[in-house]
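Right, one structure below, let's go through it.
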Amino acid sequence: MNKKIIAIIFLLVFIAIPSFLHACREAPPAFEVLSLDITPPKISTGEKATIKVEIRNTSAKMDTYNVPLMVDGVADDRKSVTLAPGATELITFTLTRSHPGTYSISVGSSESTLVVEKLLPPDFHLSNLEINPTEVDSGDAVVITAKIANVGGTQDSYTAELKVDDCTVKTEKVILAAGTDYTLSFRICADLPGTYTVTLGEVSGKFTVAAPILPIPSNNASSNPPPPDYNPCSARG
């Protein structure tokens, strides 16, 4: 008799287990992920990405949910939130990575990707050198402009050296963020006639100082004094 009762109990348990497991699989989750947004979707190493997740409590009672932020299948962060039935909440995570690559970001059933690129060093380029005017009289001003751009990946400072005939006559220090540019402007004068070569980094140009028109000396005038020695650094601000 006891053996029959035990056999019946085992049979009932054997029949009930599949039904119980099926019911567990079919039960809807208490919380639903409505959206998963990553801003920006592409960053450099060391920079921060903001991940916003909107969730909703789909159960009929107030409940608490520990929201896991999964990165490549591993929980990187968690945040706890308590919601009333049907209520929603926006949860914000921040994420940084020191190694470049494409990372899988998921919360619940929602999934997206974050691309991390290698941080590039600063890289300064000079261009668009303009000299105005290109011909002046002795002592007149010349304005020299050029564009400097940081085409690298990080902010840094750069000291621009304006050279006239290989002599540094002026400098300007600028700080540029990655992807930005700035217009340099210098004002110089040259007293001695001649053609001057202006160099600013990898760009260069020329301007000319015209010789002054001298009066015709009288017959009894003494001979003219020799002109002053040419000074390649005679340009001044």
* Can Ser204 be described as modelled with pLDDT of 90 or more, surrounded by 11 or more Cβ atoms within 10 Å (Cβ to Cβ) and touching a Leu at 6+ places or on another chain (Cβ under 9 Å)? -> yes
* Total residues in segment 104-119, condition out of contact with any Asp or Glu (no Cβ under 6 Å at 6 or more places or on another chain) and in a strand (DSSP E or B) -> 11
* Under the condition of being at pLDDT below 95 and under 26 Å from the mean Cα position of the chain (by Cα), which residue from segment 43-74 is surrounded by the most Cβ atoms within 10 Å (Cβ to Cβ)? -> Ile43
* Asked: Which one is farthest from the chain's Cα centre (by Cα) among residues in segment 101-119 that are under 23 Å from Thr154 (Cα atoms) and surrounded by 13 or more Cβ atoms within 10 Å (Cβ to Cβ)?
  -> Tyr103
* Cβ pairs under 6 Å, 6+ apart, first in segment 47-58 and outside any strand (DSSP E or B), second at pLDDT below 95 -> Thr58/Glu32
* Which ones in segment 120-153 are within 14 Å of Arg187 (Cα to Cα), of a type in the set (D, E, K, R) and not in a strand (DSSP E or B)? -> Asp140
* Asked: Looking at segment 156-191, which of the residues that are surrounded by fewer than 17 Cβ atoms within 10 Å (Cβ to Cβ) and farther than 30 Å from Leu119 by Cα is modelled with the lowest pLDDT?
  -> Asp191
* Positions within segment 97-124 being closer than 18 Å to Leu200 by Cα and in contact (Cβ under 8 Å) with a residue 40 or more places away in the chain, in sequence order -> Phe124
* To do: Consider Pro217 carefully, then state whether it is free of Cβ contacts under 8 Å to residues at least 40 places away in the same chain, surrounded by fewer than 13 Cβ atoms within 10 Å (Cβ to Cβ) and under 30 Å from Lys42 (Cβ atoms).
  => no
* Structure fact -> Restricting segment 125-144 to residues that are closer than 30 Å to Ala177 by Cβ and surrounded by 15 or more Cβ atoms within 10 Å (Cβ to Cβ), the one farthest from the chain's Cα centre (by Cα) turns out to be Ile131
* Asked: Scanning for something of a type outside the set (A, V, I, L, M), within 30 Å of Thr94 (Cβ to Cβ) and either assigned to a loop (DSSP other than H, G, I, E, B) or in contact (Cβ under 8 Å) with a residue 12 or more places away in the chain (or both), does segment 157-171 turn up at least one residue?
  -> yes
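The values are calculated or read from the model by the stated rules, or taken from the named source; none is laboratory data. Owing to the predicted nature of the structure, the values given are computational and were not obtained by experimental measurement. As a convention, Cβ positions derive from the backbone with ideal geometry for all residues, glycine included, and neighbour counts pool all protein chains shown.
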